[in-house]
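Every number in this text was worked out from the coordinates using simple rules, so none of it is lab data. Predicted, not measured: the structure shown is a model, and the values here were computed from it. Here the Cβ positions follow ideal geometry from the backbone for every residue, glycine too, while neighbour counts run over all protein chains shown.
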Amino acid sequence: MKTVLVTGGLGFIGSHTAVELLGRGYRVVLADNLSNTRADVLDGIASIAGQRPTWANVDLADPVACRALLQGLGDLAGIVHFAAHKAVGESVQKPLAYYRNNFGSLVNLLDHLAERPACRLIFSSSCTVYGQADSLPIREDAPVKPAESPYGNTKQVGEEILRDGARAHGFRAIALRYFNPIGAHPTARIGELPLGVPQNLVPFITQSAAGLRGPLKVFGNDYPTRDGTCVRDYIHVVDVALAHVYALERLFAGKGADPVETFNLGTGAGSTVLEVIHAFERATGAKLQWEFAPRRPGDVVAAYADTQKAAAGLGWRAERTLDQCMADAWRWQQTLPGK
Ligand code: WQD
């Protein structure tokens, strides 16, 4: 039985990936220091998977603690690395904390791969690296644009660190560029847990519909899109989780010529903000209060993925619809205290 370490394993995408890895017979160890989640996510994972993975409360940016964790795990087949700070706005306020945490943890993990190059790593990257792409859908060979935030920079430079490390030390990795992961597990036992006021669209929608927030502010209605609001590629978090399993198994099978490959994780379809609102109301029957507001600085007009490389290389495609995403997100929201 292969052992896989999931860093950030109590987080949104990490917890859903842990469930899918357990379901496929892997031994899963979670590393999470609870900097952006809650310990009871472990109960949700265990209740879905029917088994309780080991959880290590470790700050991976601490080289001594990270090394001790990895030495203790012995023969680790793979690492799925989610643990990182990920709030775009916060990264502008605290760039040094973002660089220290996101680069420190990555380099500490890659030190292990340098010693044990048979261990494979999946890196959590983002469509943010593309900025406003010149053409749509966005292909993996689209030019990487200057990052619009320190958060985006940690993804761009993180990929470069992977490539430089692989070239020097002979390990292999895959970077997955997420578009917009949304939704929750259909059992409503795990889902997104934004701390504070949600910055992302879908958690704000569900909290507003649950009466926890005021009306949704739609940031801008004068963009050059079919209804004037921004376009994004919203992908169900379970589809994103499954892609990580397939990417890991591609690495285990030794496929692919490049030591570091990149794949987009999207549906290939773009949806406007208004279309997301309509999907929410259609899928849930709930009424959403919303109003137009000024554009949000830093927003790109449109981004959606070219999915051909992931389909061919991972044998994976997103299967869940926007309506399913909204229904699952709403079902999860209704389980949360103070709903
Ligand atoms: C989506 C659309 C907003 C909130 C960010 C990160 C990206 C990734 C996903 C981690 C935009 C609009 C939003 C609101 C709104 N994170 N919106 N009212 O900005 O595409 O991507 O999250 O990997 O790196 O940049 O996602 O959900 O914030 O916004 O109108 O209250 O919804 O303007 O058009 P985004 P988002």
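What the table below lists for this structure:
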item	result
Largest-first principal axis extents of the Cα set of the range 120-272 (Å)	52, 38, 27
Two-site FRET efficiency, residue 299 against residue 99, from Cβ-Cβ distance with R₀ of 25 Å, rounded to 0.05	0.60
Calculated P(r) of the range 186-329 - Cα pairs past 23 Å, %	43
Expected 222 nm ellipticity per residue - DSSP helices of 4 or more, -39500 (n - 2.57), all of the chain, to 500	-12500 deg cm²/dmol
Net charge of neighbours whose Cβ lies under 14 Å from the Cβ of residue 74, counting Lys and Arg as +1 and Asp and Glu as -1	+2
Length added when fully stretched, residue 222-residue 1, from 0.36 nm per residue minus Cα-Cα	74.2 nm
For the chain, alpha-carbon Rg relative to the globular expectation (2.2 N^0.38 Å, N residues)	0.95
For 149, 105, 35, 91, order by how many other beta-carbon atoms lie within 10 Å, fewest first	35, 149, 91, 105
Globularity index of the range 1-152, i.e. its alpha-carbon radius of gyration over 2.2 N^0.38 Å	1.10
Global geometry of the range 80-145, whether rounded, prolate or oblate, following the gyration tensor of its Cα atoms and the 1.5 cut on a/c	oblate
Shape call, the range 203-250: gyration tensor on alpha carbons, a/c limit 1.5	oblate
Extended-chain gain in nm, criterion 0.36 nm per residue less alpha-carbon gap, residue 164 and residue 311	50.3 nm
Distance from the range 224-276 to the range 110-178 (C-alpha centre basis), Å	14
Global form of the range 126-166, assessed from the alpha-carbon gyration tensor, a/c cut-off 1.5	oblate
Within the chain: Cβ-based charge dipole about Cα centre, in debye rounded to nearest 20 (Lys, Arg +1; Asp, Glu -1)	360
Sequence-distant aspartates and glutamates (8 or more away, or on other chains) whose Cα lies within less than 18 Å of residue 217	227, 275, 281, 291, 299
